1. Among the residues of region 106-155, write down those that are loosely packed, with under 15 Cβ neighbours inside 10 Å and of a type in the set (A, V, I, L, M, F, W, C).
2. Which pairs turn up if I take residues in region 55-84 that are under 30 Å from Pro236 (Cβ atoms) and look for partners that are β-branched (Val, Ile, Thr) and at pLDDT 60 or above with beta carbon separation below 7 Å, at least 6 apart in sequence or on another chain?
3. Restricting attention to region 156-175, which residues are at pLDDT 90 or above, within 30 Å of Glu226 (Cβ to Cβ) and surrounded by 12 or more Cβ atoms within 10 Å (Cβ to Cβ)?
4. Identify the residue in region 92-116 that is touching a Leu at 6+ places or on another chain (Cβ under 7 Å) and in contact (Cβ under 8 Å) with a residue 24 or more places away in the chain and, among all such residues, is nearest to Lys142 (Cα to Cα).
5. Taking Arg181, is it assigned by TED's automatic domain parsing to the domain that holds Arg111 and modelled with pLDDT under 95?
6. Could you grab the pairs with beta carbons closer than 6 Å, sequence gap of 6+ or different chains, first residue in region 170-190 and under 12 Å from Thr222 (Cα atoms), second one charged (D, E, K, R)?
7. When you scan region 94-122, how many residues do you find that are modelled with pLDDT of 95 or more and in contact with a strand residue (DSSP E or B) (Cβ under 9 Å, 6 or more places away or on another chain)?
Amino acid sequence: MPGGRLTQQERQQIALGLADGLAYAEIARRLDRPTSTVTREVMRNGGPTGYRADLAHRATERRAHRRRQAEPRDRAAPPMAHGRDASAVRDFEETLTTVFIASGTPKMMARVMACLTLTDTGSLTAAELARHLQVSPASVSKAIAFLESQGLVRRERDERRRERYVVDDDVWYQSMMASARGTAHIAETARQGVGVLVPGTPAAARLENIARFLDFITESITRAAEQARDILYVRPEGHRDTTAKAGHDH
């Protein structure tokens, strides 16, 4: 399987595959590339309906140029914690961002969420996010407002009174519970409509089926989320020692 950056010809093949309605996996198979490579390429360049090979190629060249300009600063930067490979982490951050986008999260919100998720502290300031993502503070603020409304991040003040944006270890539990509450509200509203549309009529029966289905889904999601949090939660290695020696880690 070839590595390296996609060529302009490969991007043209991706565009043709999308036009033919091919799945990412099939396009990747024809190019002998990982599916994640094709998915990331499409999602960061307009999505399946807006992808254009020529624009994608130029955008990639611009990003590569900016990265080369930043290389002197990167070389002077200290090594990453825990012996991590900086290039591998950067590539994974792009992959995670792409997955968030594919699941329906807007691009900037996905970038912020991925960035926060991959920090050991689980929190960053607006300035730190803006610097890492190379975007304006206003873009960060808008993204945080969206993520906060979805229950994915929260705000807190550090010892210097700076506002920090936090993604908790149980963020997906909180997200699933918020989703379950929203689904339960839809079910309750549908059930109210049964009386309005007269029980036994086709429209009322449809609403009743919606309510029953969503009730079942809500209960199942809630039960599964509770069980998963209790059983599957993993603490970082050395968590207790780290807590006992707070203030001595770097």
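1. Ala127, Ala138, Ala145
2. Correct list of pairs: Met80/Val89.
3. Passing the criteria: Arg164, Tyr165, Val166, Val167, Asp168, Tyr173.
4. Residue satisfying both the conditions and the ranking: Met109.
5. Taking the combined requirement at face value, the residue does not satisfy it.
6. Tyr173/Arg229
7. The qualifying residues number 3.
The values are calculated or read from the model by the stated rules, or taken from the named source; none is laboratory data. Note that the structure is predicted; figures quoted are calculated from it, not measured. Positions of Cβ are backbone-derived with ideal geometry, glycine not excepted, and every protein chain shown enters the neighbour counts.
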